[in-house]
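The values are calculated or read from the model by the stated rules, or taken from the named source; none is laboratory data. Since the model is a prediction, treat every value here as computed from it, not as a measurement. Note: ideal-geometry Cβ built from the backbone for every residue, glycine included; neighbour counts use all protein chains shown. Please note that ligands, DNA and RNA were not included when accessible areas were found on the heavy atoms of the full protein model with its side chains. Shrake-Rupley method; radii C 1.70, N 1.55, O 1.52, S 1.80 Å.
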Amino acid sequence: MGDATAFSSMDEFCGSTFWDANETWWTTDPDFTPCFEQTVLVWAPCAFFWLFMLFDFWYLKASLDKNIPWNRLNISKLLINVGLLVVTALDLIMSFVKKGGDSELPLYGVDIWTPIIKLLTFLMVLMFIPLNRKYGVQTSGCQFMFWFLLTIFSIPRCRTEARLHQERGQIIGSQQAEPHDFTWETYQFASFFIFFAFTCLMLILNCFADQLPRQTKYYRGPKEIPELSASFLSRITYSWFDRMALKGYRNPLEEKDLWDLRPQDSCKEVMPTFAHYWNKNVRKNYKRASGGQEPKAQFSNGKVSFENPQSNGRKKGMASIMPPIYRSFGGIFLFGSFFKLITDILTFAQPQVLSLIIGYVEDFAKVPQPEWKGIMYSILLFVLASAQTFILAQYFHRMFIVGLRIRTALINCIYRKALRISNAARKASTVGEIVNLMAVDAQRFMDLTTYLNMLWSAPLQIALALYFLWQQLGPSVLAGLAVMIIMIPLNGFIASRIKTYQIRQMKYKDERVKLMNEVLSGIKVLKLYAWEPSFEKQVLDIRDKEIATLRATAYLNASTSFLWSCAPFLVSLVTFATYVLIDENNVLDAKKTFVSLSLFNILRFPLTMLPMLITNLVQTQVSVQRINKFLNSEELDPNNVQHDASKPHPMSIENGHFSWGDEDEMTLKNINMQVPKNNLVAIVGTVGSGKSSVIQALLGEMEKISGTVNTVGKMAYVPQQAWIQNATVRDNILFGKPYDRKRYNKVIDACALRTDIEILSAGDLTEVGEKGINLSGGQKQRISLARAVYHNADLYLLDDPLSAVDSHVGKHIFEEVIGPKGMLAKKTRVLVTHGITFLPQTDKIYVMKMGEISENGTYAELLKNRGAFADFLMQHLQEGEEEEEELNQIKRQLSQTDPALVAPFEKAILLARTESLSDSISVTSADSLMGGSLRRRGKRQDSYDSNASAASLKKKQEVEGKLIETEKSQTGGVDFAVYKHYIKSVGIFLSVATLVLNFVFQAFQIGSNLWLTQWSNDKAVEHDTGLRNMYLGVYGAFGFGQGILSVVKFVVPTIGGLRAAQLLHAFLLHRVAAAPLKFFDTTPVGRIISRFSKDIDTLDHLLPSLILSFVWLLFEVLATIVVISISTPIFLAVIVPIGFIYYFAQRFYVATSRQLMRLESVSRSPIYSHFGETVTGVSTIRAYTVQDRFIEESDNKVDKNQVCKYPSLIANRWLAVRLEMVGNLIILFASLFAVLGGQTNPGLVGLSVSYALQVTQTLNWLVRMSSDIETNIVSVERIKEYGETKQEAAWELEEDKKKPKNWPEDGRVEFKDFQVRYREGLELVLRGVSFNISGGQKVGIVGRTGAGKSSLTLALFRIIESAGGKILIDGIDIATMGLHMLRSRLTIIPQDPVLFSGSLRSNLDPFEVKTDDEIWKALELSHLKAFAKSLTAGLNHEISEGGENLSVGQRQLVCLARALLRKTKVLVLDEATAAVDLETDDLIQKTIRSEFRECTVLTIAHRLNTILDSDKVIVLDKGQITEFDAPSALLADPKSAFFSMAKDANLV
């Protein structure tokens, strides 16, 4: 009755019927009543506008820009709007004139109220035009929707008015007597059509966006992102992204093609909001000790300050990042959640419409419903699906923006904190851990935001689905639900098992990569010893374990896949079975069946998501805790240092006690120190006496326990360990100051950097690697000093800046920079130093001892005291590091100040002399070989004759520059050959099996669904339980088949993928091991390792699962098309154009997205490396107070990363909207054809439409998968590329077997006119060398560097192949045998001892062919037995990577033991250039003389005394033999080159 009363009151309001079901619904010609058209259809759009107008006001408030100029667009809008107002006002006036009062037409409420509502609404819209213009809002969604709805809702009235007009024409035309007065109707007709035309025009105008505003907060340049000025329509469809997609499709995108960041997402906009809430939160958590007023978050010139949680009084609890995140980004997030809610509701509307369509088809056979209803249902389904598409895209877009902003806020927050964290807190975690906070934990948030709404959305979806299912099937739903709930813990259990396997697999992978790393680093030794097969086997053994683990994981994954693919089926089977078995009267008809099926499909998603969401939440929770801990850690107290200008001296410490953050441990006690203006004060003392700590105390880096520290003026600081940024040399020196050429050049000369800069390939614009990797220690130190000098500060703290430079450079720097005549003479300086020569020139010296100042005064005063300072001098001299002239200088200084000290001084020097004499012998002989005896150099030979070596270095660099080949970065698509290669590796059988299995699986699925159709259409079932049970049984059987197949179809390709991974890895490993040595010279180890780690990992994990999903989805789509075509064959006609659209969207997307991902990953690493750099150099940054500049740099890097990240997120949305629209078209056509084609089988229609409803997601994923496959198949391409490298000669040859078993027996070595070059295109290094060595002779080979000595041995082992001539050993040409045969019969003791991690035993005998006794014997002869016996594990003692846990001498002896074990007839001895300590050297020489008596020994000598007793000497020069004779004969001839060498070495 309520409806009727409402309707009747509306009838009175209109003066005609408001709703007539017979006219609107139960008819073949539907129409609304005029009253309905003039009320509801007008009021609804207006109500929509008034409701959503709030958003428009919010946009006005939030807009960053102002003042859009007047232009055609907004003027036209204004005029048309005014026109509409005029028309509406006229309507109102006319109704008063024409109706009511005297006229026979009565005046109704509708005639007054509808115009008034329209008037107010249009006035409101009119008001927004100048407002939007003033506040720079270029487009309004609310208004667009209003005009859109108004236009659509006016269409029914158009039809009505047109019909009435026609009727009036007929009446007037007919010859009837009574005349009609149609003026009011005619007026209404005219006014309505004018109104309608204006509305359509407004809709069209609202499709475009306004011009750019004149005043903008941020610069909006030509590269601005089109989104900012895109219209509402373009934003919904993402058509503003088309340009980028097209560009990316034509040629690979580069960084310059990308747009600028949206200002709202930049650090400048995100940070202040976040900081404001963070500071509020900190204040809430830490009660103020003092009752001072609250400070606001300061925004001084765009800088953001975060409050320190520590400083504000008592601690109440940790300040967490969560509340500020909610407050700062909650708004957008909630807006997005609102979208999610709408889409969830729309999802459930679809099955309802489906049931209407099935009903329509069912009735078609009995009493057909009018055709328009069927068409309306189809269109309704399409509209729902499309609305869902657009809204979902907006939802994801919002979520990604929130994620990006949270990440930005966290990264910046962590960065700012890192600059202020105290040293104690910093030591609590490694740099890597701190960087991980940024790289891993902040990233987690971004991944989580999209899922977070599932927390309420999943339960909502499940509840709604169950509610609708209950309506269809009643309580039997619970049975199906039970099945789903049982699945969840099962899955959880399997997931935890998978995790343990994954951890195990990671362990094996790390082991394997570590071993590979060693193999590649020591590849030269492996080749010389022919040990490759042993190590190859070791790697493959680990790999087998890894594959086994992966296989186990695959089986577990198959079981989850089984559970999930069967879940929907099992659920429907259990539910339907329960339903028909509970009660005889329950009958499955088409409607129930297919509506339930589509509801079950909806249920699948939230149920899968929940477990994933929960694990994600747990991980994020851990991240939150880690970030909170870091953000709440101690900060440096800014009050450690005062800046009181009234104190007499610019730097002073009074009664200072300091510690490194641990309260109990005091590092410095009772420090009193004054540094007068413009003085140079030195701090000296033994190692660890606290010199550097004093400097840190002055900087405020140490915790001050008591006392005061005061500094006045700008600081510059040179740390002991130079901190160099990854930037150019010039940037490192300028350090943010403007470039002043004159000053810069002066600084460079003073710091002795001129020659170094000339050597560098690009001068001072050379990029310095991370941590200054391509500079020597001395260069780094000097750059660090140059930075300080250039900075032109008032106070200089120099922490031993001369430690890493040579004495003569040190002297130059002291005179030019630090000393009384240097560039800093007018500054206040504190110098920590070990160089005692400079001390007389300082104004005052402080001597440190055990963390206290033991004495201070000038040089002369301290010497008189004979206290700690004199001891320090003596101790220093005994270390014997000073040069001759320095000693004399010190002597002179002493005799002037305190002659009594000279005697003990000379004694100390003598002591030092005798100790270093033994060194000097070995060093001299090495020097003299290099041509001419150079003056004896001390231990610091760093950049001694840097000028001489500069030229040669430059040459070398040019060659080296070309040595490393650049890595090929893939752009564009991938060759088909690569796919072929992969399929071959998988195996043809398995590949075909995968396709067949998927085909059969889909066949079963379609079969089971068609069977359901048959069942639901069969009316006989109602009375026949036997028939019903038969249907149920077959349906169950289909399901069972599906389950079995789903496991097999998962296992087969996965096993195939693993097989491919195993084969490809073995192939790669073998080809790399058999590559010639020059391959390793031109390819960096890191690059080869990344093939073995990253690319193999892709093959193990990603590719199999991607291909699996791809094939499955492909068949799913095909199945959909097949099912729809079975029910409506005409559908095939539409599939072709749709296919084309789909293909193009996919091609555009793949090309663009792939390149965007690459750019994004390239731009991400600088953020982290810059952060790591900051953390290590934080004390320098603080000393120079350049924190703000570094914060800005970090912000810029984050913004740059967002610039690449944002488009790739949009690309996903762009694709999703396009593909889902394609899917929606499929839905439209499937349902339309089903309705129009006169289809009488309701089951088939239900089936085809429910399949169509699913296809949208499937299509979307199919493209994602295909693009992922393309991105990841590159790994196969890379492995293939390395597998095709040029190989060295065969390791084993058939002929080898015919050669004598114990060849070489005599050890005769003969070179015949032998020539060799390193690589094609380089000149010969040996040019026709001929000589003959009979068995058992000892031969020394000498010659200058580059004469070809090493080439001789490399040629003997065929590491480099001959370019002419041949080498015979025992008369057999070595070029005719397999490499392993040759190399295993020769022995070499190489220059640098290379050991591998593993047991001592495996280092001596990797093939495990020798007995323990043999090994112990070898150890005894090589003087290692005592050492080996002392080890608990004996021969199984683990040697660490590179033999780190043995001394260099021991490593050399291990190499000797290797040689003794092999004991072949020919031994090559490549003498160690790095002089091993003399003892070891003597041991080696003795052993070789005694043990290798019968062998032929070739010694490459660097020191002549080792070869004076050999049988023959070969003197090489420029690749040719100049002398070949016994050493005694050569020494007898004063003209021989050998004689002059011996003379240089003081041997004759």
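Each row is one residue, and each column tells you yes or no for (1) part of a helix (DSSP H, G or I); (2) closer than 27 Å to Phe390 by Cβ; (3) at pLDDT 85 or above; (4) open to solvent by less than 50 Å² (accessible area, probe 1.4 Å).
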{"residue": "Ala245", "(1), (2), (3), (4)": "yes, yes, yes, yes"}
{"residue": "Lys256", "(1), (2), (3), (4)": "yes, no, yes, no"}
{"residue": "Asp260", "(1), (2), (3), (4)": "no, yes, yes, no"}
{"residue": "Ser311", "(1), (2), (3), (4)": "no, no, no, no"}
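Out of all the residues in the range 1201-1208, is one or more at pLDDT 85 or above, within 30 Å of Arg407 (Cα to Cα) and either open to solvent by 20 Å² or more (accessible area, probe 1.4 Å) or among the aliphatic types (A, V, I, L, M) (or both)? Yes, some residue in the range 1201-1208 is at pLDDT 85 or above, within 30 Å of Arg407 (Cα to Cα) and either open to solvent by 20 Å² or more (accessible area, probe 1.4 Å) or among the aliphatic types (A, V, I, L, M) (or both).
Answer with yes or no whether Val1117 is over 26 Å from the mean Cα position of the chain (by Cα) and either closer than 30 Å to Glu701 by Cα or touching a residue at least 24 places away in the same chain (Cβ under 8 Å) (or both).
Criteria met by Val1117.
Of the candidates Leu581, Leu617, Leu636, the single residue that is more than 30 Å from Lys827 (Cβ to Cβ) and either crowded, with 16+ Cβ neighbours inside 10 Å or out of contact with any Ser or Thr (no Cβ under 9 Å at 6 or more places or on another chain) (or both) is Leu617. Sub-8 Å Cβ pairs linking a first residue in the range 1195-1211 that is touching a residue at least 12 places away in the same chain (Cβ under 8 Å) to a second residue that is part of a helix (DSSP H, G or I) and among the aromatic types (Phe, Trp, Tyr), at least 6 apart or interchain, are Pro1207/Phe241; Leu1209/Phe400; Ile1210/Phe241; Ala1211/Phe241; Ala1211/Tyr1149, ordered by first then second residue. Being farther than 25 Å from Leu1483 by Cβ and either out of contact with any Leu (no Cβ under 9 Å at 6 or more places or on another chain) or of a type outside the set (Phe, Trp, Tyr) (or both), is that true of even one residue in the range 1421-1437? Among the residues of the range 1421-1437, not one is farther than 25 Å from Leu1483 by Cβ and either out of contact with any Leu (no Cβ under 9 Å at 6 or more places or on another chain) or of a type outside the set (Phe, Trp, Tyr) (or both), which makes the answer no. For Arg604, the conditions (1) in contact (Cβ under 8 Å) with a residue 60 or more places away in the chain; (2) open to solvent by 50 Å² or more (accessible area, probe 1.4 Å) are fulfilled apart from (1). Just one of the listed residues (Asn1029, Asn1017) is open to solvent by 10 Å² or more (accessible area, probe 1.4 Å) and touching a Pro at 6+ places or on another chain (Cβ under 8 Å), namely Asn1017. Of everything in the range 98-121 that is surrounded by 17 or more Cβ atoms within 10 Å (Cβ to Cβ) and among the hydroxyl-bearing types (Ser, Thr, Tyr), the residue that is modelled with the lowest pLDDT is Tyr108.
The residues listed here are Gly83, Gly109; of these, the one that is in contact with a helix residue (DSSP H, G or I) (Cβ under 9 Å, 6 or more places away or on another chain), touching a residue at least 60 places away in the same chain (Cβ under 8 Å), of a type outside the set (A, V, I, L, M) and closer than 30 Å to Pro213 by Cβ is Gly83. Is it the case that Gly1328 is open to solvent by less than 60 Å² (accessible area, probe 1.4 Å) and touching a helix residue (DSSP H, G or I) at 6+ places or on another chain (Cβ under 9 Å)? Considered against the rule, which asks whether it is open to solvent by less than 60 Å² (accessible area, probe 1.4 Å) and touching a helix residue (DSSP H, G or I) at 6+ places or on another chain (Cβ under 9 Å), Gly1328 comes out as no. Take the conditions hydrophobic (A, V, I, L, M, F, W, C) and under 26 Å from the mean Cα position of the chain (by Cα) and apply them to Met516. Does it pass? So Met516 fits the description; yes.
Table: residues versus (1) more than 19 Å from Cys46 (Cα to Cα); (2) aromatic (Phe, Trp, Tyr).
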residue: Ser140; (1), (2): no, no
residue: Trp147; (1), (2): no, yes
residue: Arg157; (1), (2): no, no
residue: Gly173; (1), (2): yes, no
residue: Thr183; (1), (2): yes, no
residue: Thr216; (1), (2): yes, no
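Taking (1) over 36 Å from the mean Cα position of the chain (by Cα); (2) surrounded by fewer than 18 Cβ atoms within 10 Å (Cβ to Cβ); (3) under 30 Å from Ile602 (Cα atoms) in turn, Lys366 satisfies each apart from (3). The residues on offer are Ser95, Ser140, Ser63, and the sole one that is under 30 Å from Ser9 (Cα atoms) and open to solvent by less than 50 Å² (accessible area, probe 1.4 Å) is Ser95. Among the residues of the range 1040-1072, those that are under 29 Å from Val519 (Cβ atoms) and open to solvent by 30 Å² or more (accessible area, probe 1.4 Å) comprise Ile1055, Arg1059, Gln1062, Leu1063, Ala1066, Phe1067, His1070, Arg1071. With respect to Leu1386, determine if the residue is closer than 30 Å to Ser1362 by Cβ, open to solvent by less than 10 Å² (accessible area, probe 1.4 Å) and in contact with an Asp or Glu (Cβ under 9 Å, 6 or more places away or on another chain). Judged against the criteria, Leu1386 is not a match. With the condition kept exactly as written, say whether any residue in the range 869-881 is of a type in the set (Gly, Ala, Ser), under 58 Å from the mean Cα position of the chain (by Cα), closer than 30 Å to Val712 by Cα and modelled with pLDDT of 70 or more. No, there is no match, as no residue in the range 869-881 is of a type in the set (Gly, Ala, Ser), under 58 Å from the mean Cα position of the chain (by Cα), closer than 30 Å to Val712 by Cα and modelled with pLDDT of 70 or more. Restricting attention to the range 369-376, does a residue exist that is open to solvent by less than 10 Å² (accessible area, probe 1.4 Å), more than 30 Å from Gln264 (Cα to Cα) and over 48 Å from the mean Cα position of the chain (by Cα)? Yes. Of the helices (runs of 4 or more DSSP H) lying entirely inside the range 1073-1150, those containing at least 2 residues that are under 30 Å from Ile1006 (Cβ atoms) and open to solvent by less than 50 Å² (accessible area, probe 1.4 Å) span 1103-1127. Looking across the range 216-231, the residues that are of a type in the set (S, T, N, Q) and not in a helix (DSSP H, G or I) come down to Thr216, Ser231. Annotation: Tyr238 fulfils all but one of (1) within 30 Å of Val1150 (Cβ to Cβ); (2) of a type outside the set (A, V, I, L, M, F, W, C); (3) free of Cβ contacts under 8 Å to residues at least 60 places away in the same chain; the unmet one is (3).
Considering only the range 48-68, I want to know if a residue exists there that is β-branched (Val, Ile, Thr), part of a helix (DSSP H, G or I) and touching a residue at least 40 places away in the same chain (Cβ under 8 Å). Walk me through it before giving the result.
Step one: of the range 48-68, the residues β-branched (Val, Ile, Thr) are 68.
Narrowing further to those that are part of a helix (DSSP H, G or I): none.
Looking through the range 48-68, none of the residues is β-branched (Val, Ile, Thr), part of a helix (DSSP H, G or I) and touching a residue at least 40 places away in the same chain (Cβ under 8 Å).
Against the criterion of being of a type outside the set (D, E, K, R), open to solvent by 60 Å² or more (accessible area, probe 1.4 Å) and either in contact (Cβ under 8 Å) with a residue 24 or more places away in the chain or over 27 Å from Met673 (Cβ atoms) (or both), His791 does not qualify.
Of the residues making up the range 199-218, just one is among the aliphatic types (A, V, I, L, M), touching a Leu at 6+ places or on another chain (Cβ under 9 Å) and open to solvent by 50 Å² or more (accessible area, probe 1.4 Å), namely Leu212.
Scanning the range 412-451 for residues that are outside any helix (DSSP H, G or I) and either open to solvent by 60 Å² or more (accessible area, probe 1.4 Å) or within 21 Å of His276 (Cα to Cα) (or both) yields Leu419, Arg420, Ile421, Ala428, Thr430. Identify the residue in the range 1360-1382 that is open to solvent by less than 20 Å² (accessible area, probe 1.4 Å) and under 44 Å from the mean Cα position of the chain (by Cα) and, among all such residues, is farthest from Thr1522 (Cα to Cα). Here the answer is His1380.
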